[in-house]
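Undergrad: Below is one structure. I have some questions about it.
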Amino acid sequence: MFVDSRTSRFPTNFLWGAATSAHQVEGNNHNDWTEWEKLGLVKSREQSGRACGHYERFREDFALAKELGHNAHRFSIEWSRIEPRPGRFDLAAIDHYRQVLVELHRLGLEPLVTLWHFTNPIWIRNQGGWTNRRTIDDFGRYVQAIVDQLGHLITHWVTLNEPTVYTSHGYISAYWPPQKKNYLSAWQAIRNLVTAHRLAYQIIHRRWPAAKVGVANNLNDFAAARPGHLLDQGLRAWADFWHNRWWLNQTYDTQDFLGINYYFHHPLRWRWVGPTKLFAPQTPPAAPQSDLGWEIYPTGLGLVLESVRPYQLPIIISENGVADADDHLRAAFIRDHVAQVDHAIRHGLDVRGYCYWSLLDNFEWREGFTPRFGLVEVDYHTLKRTIRPSAHAYRQLIVQHSRSRSSSSSPTA
Ligand code: IFM
């Protein structure tokens with residue numbers, strides 16, 4: 001891969017790294033997802049089980065990230081480990097994450113810390129999860145504990161991961177736990193997540209005024225499948241509003257940076273499927289696709305970046321990745337998406353980081369262990385890690401962008 005040193009404008013302290021989440025990599029969790037997995041609804045009836053064994057092997061995994069040229073790493077703290085019972089904090093679990101943070105700093109990897117990535121303690125599930133307003137205060141108490149115990153080791157905070165995906169999968173399509181098909185519950189959950197984010201933002205800033213707090217917002221590029229078709233255009237506007245815009249409008253004034261998780265380009269074609277599925281995404285048959293059948297459309301990242309320009313906030317790509325077991329797509333996928341970031345920066349957008357999803361292969365929620373998103377392959381029998389060729393290509397890209405900075409003037413982040 002070649003980066004033109006005359007055109008690259010990545011800021012000097014640009015964050016290059018990869019992301020994971022606790023439940024997907026740690027192993028041996030005990031939360032609402034592990035309970036739900038017992039129902040046998042995950043593909044091939046898999047359960048997250050020991051996952052990648054990352055809870056024990058984090059040092060080995062961070063050493064790989066370092067070797068791969070990263071200077072940042074996004075991970076999540078598992079609430080159910082920290083507070084297994086209401087108000088009872090597990091000091092050993094807190095100490096574990098302290099060691100995680102210390103190790104990241106030792107290696108020169110800037111931590112981006114997610115406080116909630118889809119999973120809830122079982123006692124939260126039992127009280128109605130995010131539909132219960134009490135969960136907001138409970139979340140605040142957990143955030144306060146992290147702020148007090150670990151805050152001195154954290155600058156970049158991600159309060160919530162993809163709250164709109166969580167609510168639509170959990171409360172509208174019933175694809176994920178708690179498997180409701182109820183618009184009122186979805187509304188209660190998303191409203192409570194807005195309030196929980198705002199509360200977390202205040203709690204963090206009260207103690208750590210210089211902290212940078214954001215959300216990992218899942219933003220899709222929606223298009224009208226038939227550009228001149230009024231119903232498709234209306235559908236595009238409707239989907240864009242509810243999936244992308246509504247949440248941002250509610251929370252942008254409490255985000256110091258916008259985290260963007262970009263995966264999807266959806267050309268929408270009006271088709272009445274049912275009250276919980278109002279449209280059918282239509283992937284052109286010839287379009288390149290991941291192993292999950294998701295269209296690969298780097299231009300969409302550029303469009304999404306442009307769409308958030310009015311918020312005038314720094315941006316971090318908090319996730320962007322591809323399921324690609326034989327690694328024939330990933331290197332070009334990263335190159336082409338990073339090129340969109342480059343383009344955005346050159347056109348005045350303040351993008352400060354890119355986290356590939358994911359550092360490791362991991363437990364992909366209802367799809368189980370089959371999708372392979374990792375820069376590093378995991379053998380789930382032996383837990384052996386093997387660096388994929390695309391991870392080296394990403395490393396090269398990072399090096400070239402860093403080199404090109406020294407020969408070009410860069411904006412400061
Ligand atoms: O694995 C997920 C992650 O937990 C949230 N963002 C999308 C990823 C790929 O589906």
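The values are calculated or read from the model by the stated rules, or taken from the named source; none is laboratory data. Not measured: the values here are computed from a predicted model. Neighbour counts run over all protein chains shown; Cβ positions are idealised from the backbone, glycine included. We work out accessible area using only protein heavy atoms, side chains counted, and drop any ligands, DNA or RNA first. Shrake-Rupley method; radii C 1.70, N 1.55, O 1.52, S 1.80 Å.
Undergrad: So, in region 154-174, exactly how many residues are farther than 18 Å from F257 by Cα and open to solvent by 30 Å² or more (accessible area, probe 1.4 Å)?
TA: Adding up the residues that qualify gives 4.
Undergrad: Let me ask another. Restricting to region 185-231, give me the number of residues that are farther than 18 Å from T114 by Cα and within 16 Å of the ligand (Cβ to nearest atom).
TA: 2
Undergrad: Return yes when E110 is farther than 20 Å from V213 by Cα and at pLDDT 95 or above and no when it is not.
TA: It is false that E110 is farther than 20 Å from V213 by Cα and at pLDDT 95 or above.
Undergrad: Which residue, of L292, L248, L305, L313, is at pLDDT 95 or above and closer than 26 Å to H328 by Cβ?
TA: Exactly one residue qualifies, and that residue is L292.
Undergrad: Which residues, counting only those in region 154-170, are within 13 Å of the ligand (Cβ to nearest atom), not aliphatic (A, V, I, L, M) and not in a helix (DSSP H, G or I)?
TA: Across region 154-170, the qualifying residues are N161, E162.
Undergrad: Tell me, please, whether a residue that is open to solvent by 30 Å² or more (accessible area, probe 1.4 Å), under 17 Å from T20 (Cα atoms) and in contact (Cβ under 8 Å) with a residue 12 or more places away in the chain can be found in region 109-129.
TA: yes
Undergrad: From the set of residues in region 27-67 that are within 16 Å of the ligand (Cβ to nearest atom) and open to solvent by less than 10 Å² (accessible area, probe 1.4 Å), which is farthest from P177 (Cα to Cα)?
TA: Applying the filter and picking the extreme gives C52.
Undergrad: A further question follows. Which pairs do you get when a residue that is within 16 Å of the ligand (Cβ to nearest atom) and open to solvent by 40 Å² or more (accessible area, probe 1.4 Å), found in region 1-23, comes within reach of a residue that is at pLDDT 95 or above and not aromatic (F, W, Y), reach meaning Cβ atoms under 7 angstrom, with the pair 6+ apart or on two chains?
TA: Pairs that qualify, where the first residue is within 16 Å of the ligand (Cβ to nearest atom) and open to solvent by 40 Å² or more (accessible area, probe 1.4 Å) and the partner is at pLDDT 95 or above and not aromatic (F, W, Y): there are none.
Undergrad: Limited to region 311-364, what total is found for residues that are over 22 Å from P389 (Cα atoms) and among the acidic types (D, E)?
TA: So the answer is 2.
Undergrad: Read through the list (1) in contact (Cβ under 8 Å) with a residue 40 or more places away in the chain; (2) in contact with a Phe, Trp or Tyr (Cβ under 7 Å, 6 or more places away or on another chain); (3) farther than 30 Å from I398 by Cα, then give the number of the only condition that R133 fails.
TA: (2)
Conditions (1) within 16 Å of the ligand (Cβ to nearest atom); (2) surrounded by fewer than 22 Cβ atoms within 10 Å (Cβ to Cβ), marked per residue:
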position: V322; (1), (2): yes, no
position: H337; (1), (2): yes, no
position: G348; (1), (2): no, yes
position: S390; (1), (2): no, no
position: V399; (1), (2): no, yes
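Undergrad: Residues of region 262-286 being part of a loop (DSSP other than H, G, I, E, B) and either modelled with pLDDT under 85 or among the hydroxyl-bearing types (S, T, Y) (or both), which ones?
TA: Y262, Y263, P275, T276, Q282, T283, P284, P285, A286
Undergrad: Of everything in region 106-130, what is within 21 Å of the chain's Cα centre (by Cα), under 23 Å from H70 (Cα atoms) and not in a strand (DSSP E or B)? Give them in sequence order.
TA: If the condition is that a residue be within 21 Å of the chain's Cα centre (by Cα), under 23 Å from H70 (Cα atoms) and not in a strand (DSSP E or B), then L109, L115, H117 are the ones that fit.
Undergrad: So, in region 296-323, how many residues would count as being in contact with an Asp or Glu (Cβ under 6 Å, 6 or more places away or on another chain) and assigned to a loop (DSSP other than H, G, I, E, B)?
TA: Matching residues across region 296-323 total 2.
Undergrad: Shifting gears a bit: Restricting to region 360-372, give me the number of residues that are in a loop (DSSP other than H, G, I, E, B) and either of a type in the set (F, W, Y) or closer than 13 Å to D291 by Cβ (or both).
TA: Result for region 360-372: 8.
Undergrad: Return yes when K38 is in contact (Cβ under 8 Å) with a residue 40 or more places away in the chain and more than 30 Å from H343 (Cβ to Cβ) and no when it is not.
TA: no
Undergrad: With respect to R85, is the statement that it is out of contact with any Pro (no Cβ under 6 Å at 6 or more places or on another chain), modelled with pLDDT of 95 or more, open to solvent by 30 Å² or more (accessible area, probe 1.4 Å) and among the basic types (K, R) true?
TA: So R85 fits the description; yes.
Undergrad: Is at least one residue of region 373-380 within 14 Å of the ligand (Cβ to nearest atom), free of Cβ contacts under 8 Å to residues at least 24 places away in the same chain, outside any helix (DSSP H, G or I) and crowded, with 22+ Cβ neighbours inside 10 Å?
TA: yes
Undergrad: Could I ask something else about it? Please indicate, with yes or no, whether at least one residue in region 35-43 is outside any helix (DSSP H, G or I), of a type in the set (A, V, I, L, M) and in contact with a helix residue (DSSP H, G or I) (Cβ under 6 Å, 6 or more places away or on another chain).
TA: Looking for residues that are outside any helix (DSSP H, G or I), of a type in the set (A, V, I, L, M) and in contact with a helix residue (DSSP H, G or I) (Cβ under 6 Å, 6 or more places away or on another chain), one finds at least one in region 35-43, hence yes.
Undergrad: A further question on this structure: Checking the conditions here, which among G293, G259, G214, G228 is open to solvent by less than 40 Å² (accessible area, probe 1.4 Å) and assigned to a loop (DSSP other than H, G, I, E, B)?
TA: G293
Undergrad: Hey, could you check region 294-313 for residues that are over 29 Å from D361 (Cα atoms) and touching a residue at least 24 places away in the same chain (Cβ under 8 Å) and say which is farthest from the ligand (Cβ to nearest atom)?
TA: Checked region 294-313; the qualifying residue farthest from the ligand (Cβ to nearest atom) is R309.
Undergrad: Identify, by number, the condition in (1) over 21 Å from A331 (Cα atoms); (2) away from the ligand (no atom under 16 Å from the Cβ); (3) of a type in the set (A, V, I, L, M, F, W, C) that I77 doesn't meet.
TA: Among (1) over 21 Å from A331 (Cα atoms); (2) away from the ligand (no atom under 16 Å from the Cβ); (3) of a type in the set (A, V, I, L, M, F, W, C), the lone unmet condition for I77 is (2).
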